[in-house]
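Peer 1: One structure is given below, represented as structure tokens, and several questions about it will come after.
The values are calculated or read from the model by the stated rules, or taken from the named source; none is laboratory data. Since we're looking at a predicted model, the values are computed, not measured. When we count neighbours, we look across all protein chains shown, and the Cβ atoms used for this are built from the backbone with ideal geometry, even at glycine.
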Amino acid sequence: MSVGCVNFSDFKGYDEVRSERDHEYAAFLRSTRELQAAKISNDRGLILNSVVYNNQLWVVLADDVRSPGNLLPEDVKVGILSLSSFVLKYGFRVLVEEASIDILIDINKAMMRGVGR
């Protein structure tokens, strides 16, 4: 994370005090900002890169949810897996210009609220 020219991850121990939820929130924040910037610019290259990054984020999230050590309730796991599947399919529709990027932004914002910031 950085503010202005300060990169907090350069400080010793920064990652040690960040919780799992902090990391999840930061990943969704980065992805959402990239999607928003791509939407504003309407640059196909930025749209491609932001959707691919977002898809990668959702693949990692789905993989984490399926891991044996994940302690989330089963109904929450099923919901996240279902949402992940939707996001991936929808992301590909955005890439072929059949859908708006807005839905991906909205879903990520909802996930950020759920992670609890």
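Peer 1: What's the number of the condition residue 24 fails, among (1) within 16 Å of residue 114 (Cα to Cα); (2) out of contact with any helix residue (DSSP H, G or I) (no Cβ under 8 Å at 6 or more places or on another chain)?
Peer 2: (2)
Peer 1: Which one of the conditions (1) aliphatic (A, V, I, L, M); (2) within 19 Å of residue 116 (Cα to Cα); (3) surrounded by fewer than 20 Cβ atoms within 10 Å (Cβ to Cβ) does residue 104 fail to meet, given that it meets all the rest?
Peer 2: (3)
Peer 1: Can you find, within the range 107-117, the residue that is surrounded by the most Cβ atoms within 10 Å (Cβ to Cβ) among those that are charged (D, E, K, R) and assigned to a helix (DSSP H, G or I)? Working first, answer last.
Peer 2: Start the filter on the range 107-117 by keeping residues that are charged (D, E, K, R), which leaves 109, 113, 117.
Narrowing the set further to residues that are assigned to a helix (DSSP H, G or I) leaves 109, 113.
Values: 109: 15, 113: 11.
Among those that are charged (D, E, K, R) and assigned to a helix (DSSP H, G or I), it is 109.
Peer 1: So, of the residues in the range 29-43 that are among the aliphatic types (A, V, I, L, M) and buried (at least 20 other Cβ atoms within 10 Å of the Cβ), which turns out to be farthest from residue 110 (Cα to Cα)?
Peer 2: First, pick out the residues of the range 29-43 that are among the aliphatic types (A, V, I, L, M): 29, 35, 37-38, 40.
Narrowing the set further to residues that are buried (at least 20 other Cβ atoms within 10 Å of the Cβ) leaves 35, 38.
Values: 35: 14, 38: 19 Å.
Here the residue is 38.
Okay, residues lined up against (1) buried (at least 16 other Cβ atoms within 10 Å of the Cβ); (2) at pLDDT 95 or above; (3) outside any helix (DSSP H, G or I):
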| site | (1), (2), (3) |
| --- | --- |
| 45 | no, yes, no |
| 50 | yes, yes, no |
| 55 | yes, yes, no |
| 64 | no, no, no |
| 70 | no, no, yes |
| 83 | yes, yes, no |
| 86 | no, yes, no |
| 92 | no, yes, no |
